[in-house]
1. Before we move on, is residue 94 part of a helix (DSSP H, G or I), closer than 21 Å to residue 193 by Cβ and in contact (Cβ under 8 Å) with a residue 24 or more places away in the chain?
2. Considering only residues that are surrounded by fewer than 15 Cβ atoms within 10 Å (Cβ to Cβ) and either outside the structural domain of residue 99 (by TED's automatic domain parsing) or under 20 Å from residue 49 (Cα atoms) (or both), which ones fall in the range 153-203?
3. How do the helices (runs of 4 or more DSSP H) wholly within the range 1-89 filter down when requiring 1 or more residues that are touching a strand residue (DSSP E or B) at 6+ places or on another chain (Cβ under 8 Å) and crowded, with 17+ Cβ neighbours inside 10 Å: which remain?
4. Kindly establish whether residue 147 is farther than 29 Å from residue 31 by Cβ, in the same structural domain as residue 194 (by TED's automatic domain parsing) and buried (at least 21 other Cβ atoms within 10 Å of the Cβ).
5. Checking residue 51 against (1) over 17 Å from the mean Cα position of the chain (by Cα); (2) farther than 27 Å from residue 123 by Cα; (3) without any contact (Cβ under 8 Å) to a residue 40 or more places away in the chain, only one condition comes out false. Which one?
């Protein structure tokens, strides 16, 4: 079995204690750091995400796999500096004003980071203006994730998306929405670019947006 396959298996199994060591061994053997990241870890998390989508595994298993990947990335980071391949794009993510739920948001951030995105986490109860300002202040942001977990905060999501649609930065961003009460129908109605049911799907859709943009 190749060292990269060993890393991939360790990430998928959530073996965070051994991932760092395996990554170091691969580096010592002269394996390309980008290959370790993309094949050994990001692809491994894609497999984890697919299993989650199919209900073959659940949130706890996904969390331990993401933690394992993080340990590997810590060892790898110095070797990726200035490489440019360590980030596929930058994203802003937050839970809308009036909503204090962060589990769903944090899961999405974890899967986005696992897919290679750099994420600016605005936290919970985020005012409309904060979303817009954050996008304006970070001209390399390509995706904005807006989360709402309460039916009562759906209007806040509508207001946030409306403000982003009217922002002069609209042309360079894709607006993604999600959360328990949100449906595809609601996403279409408010003008969002995408709606996904879970964190794993969100990462897949985000990657497809970036791939399409750079094609």
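The values are calculated or read from the model by the stated rules, or taken from the named source; none is laboratory data. As the structure is a computational prediction, the values presented were derived from the model and not from experiment. Because the Cβ atoms are built from the backbone with ideal geometry, glycine has one as well, and the counts that use them run over all protein chains shown.
1. Working: part of a helix (DSSP H, G or I): no; closer than 21 Å to residue 193 by Cβ: yes; in contact (Cβ under 8 Å) with a residue 24 or more places away in the chain: yes.
No: the conditions fail for residue 94.
2. Those that are surrounded by fewer than 15 Cβ atoms within 10 Å (Cβ to Cβ) and either outside the structural domain of residue 99 (by TED's automatic domain parsing) or under 20 Å from residue 49 (Cα atoms) (or both): 180, 197.
3. Working: elements: 3-13, 16-28, 43-53, 59-80.
Qualifying helices (runs of 4 or more DSSP H): none found.
4. Details: farther than 29 Å from residue 31 by Cβ: yes; in the same structural domain as residue 194 (by TED's automatic domain parsing): yes; buried (at least 21 other Cβ atoms within 10 Å of the Cβ): yes.
It is true that residue 147 is farther than 29 Å from residue 31 by Cβ, in the same structural domain as residue 194 (by TED's automatic domain parsing) and buried (at least 21 other Cβ atoms within 10 Å of the Cβ).
5. (1)
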